[in-house]
Amino acid sequence: MLRLLNRIAWGFALAGGLVALAIAVTVVVSIASRATVSAPIPGDVELTQFGIALAISLSLPWCQLHGSNIMVDFFTQRLRARHVAWLDALGALLLAAMAALLSWRAAVGAIDSRQTFEATMILDLPMWWVYASLAPGLALTALIALVQAALLAAGRDLTGFRA
């Protein structure tokens with residue numbers, strides 16, 4: 001199961017990177033078009049906002065998997081390794097709860113937005129697409145953090161989990 005989570009997180013991160021690349025190209029083309037022919041890409045700001053939110057949510061599982069979140073270890077430097085592991089487990093559990101809550105609310109937001117036909121102002125894109133696209137990355141982040149919390153609480157090392 002750990003290997004499967006690792007592969008899924010890698011796929012999500014790769015997709016997030018491709019989305020970020022597409023957004024970067026869109027921004028460059030829009031700016032160049034605005035500067036040269038006074039015709040930027042219509043809705044470029046909307047596309048950038050949606051794309052970056054998606055890229056971030058798809059990259060969060062990989063970030064959590066590899067412990068790339070910001071950690072302040074000033075208070076734990078003098079603690080025993082077991083105590084640090086318990087605090088890390090608690091942090092992972094709290095992150096799992098937060099990511100699960102955000103995933104759930106994104107899914108609820110998608111349903112509500114679809115029912116009310118909410119759309120963007122310039123491109124008239126359905127807003128529910130955006131909310132729905134955020135939920136899987138957040139859910140995977142929650143699952144990975146939950147597994148990490150369980151492993152840390154059991155005294156296991158996360159090195160094999162990150163392979």
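Restricted to segment 120-163, and to residues there that are assigned to a loop (DSSP other than H, G, I, E, B) and within 20 Å of L94 (Cα to Cα), the residue that is modelled with the highest pLDDT is A154. Here L79 passes the criteria (1) open to solvent by 20 Å² or more (accessible area, probe 1.4 Å); (2) closer than 17 Å to W10 by Cα; (3) of a type in the set (A, V, I, L, M) except the one numbered (2). Evaluating R114 against the criteria (1) surrounded by fewer than 14 Cβ atoms within 10 Å (Cβ to Cβ); (2) at negative phi leaves one unmet condition, (1).
Restricting the first member to segment 114-133 and to residues that are under 22 Å from L102 (Cβ atoms), and the second to residues that are acidic (D, E) and open to solvent by 40 Å² or more (accessible area, probe 1.4 Å), the beta-carbon pairs closer than 6 Å and six or more apart or on different chains are M127/E118. Could you tell me whether segment 61-80 includes any residue that is among the aliphatic types (A, V, I, L, M), modelled with pLDDT under 95 and in a helix (DSSP H, G or I)? Within segment 61-80, one or more residues are among the aliphatic types (A, V, I, L, M), modelled with pLDDT under 95 and in a helix (DSSP H, G or I). Residue by residue through segment 26-48, note down the ones that are open to solvent by 80 Å² or more (accessible area, probe 1.4 Å), more than 21 Å from D124 (Cβ to Cβ) and of a type outside the set (S, T, N, Q). Scanning segment 26-48 gives V28, I31, R34, A35, V37. Pairing residues of segment 15-33 that are touching a residue at least 40 places away in the same chain (Cβ under 8 Å) with residues that are open to solvent by less than 40 Å² (accessible area, probe 1.4 Å), at Cβ distances under 6 Å and at least 6 apart in sequence or on separate chains, gives A15/L58; G16/A55; G16/L58. Against the test of being farther than 25 Å from R156 by Cβ and either open to solvent by 50 Å² or more (accessible area, probe 1.4 Å) or in a helix (DSSP H, G or I) (or both), the options A55, A13, A99, A85 yield a single qualifying residue, A55.
The values are calculated or read from the model by the stated rules, or taken from the named source; none is laboratory data. Keep in mind the model is a prediction, meaning the values are calculated, not measured. As a convention, Cβ positions derive from the backbone with ideal geometry for all residues, glycine included, and neighbour counts pool all protein chains shown. Protein only, heavy atoms only, side chains kept; ligands, DNA and RNA dropped before computing areas. Shrake-Rupley method; radii C 1.70, N 1.55, O 1.52, S 1.80 Å.
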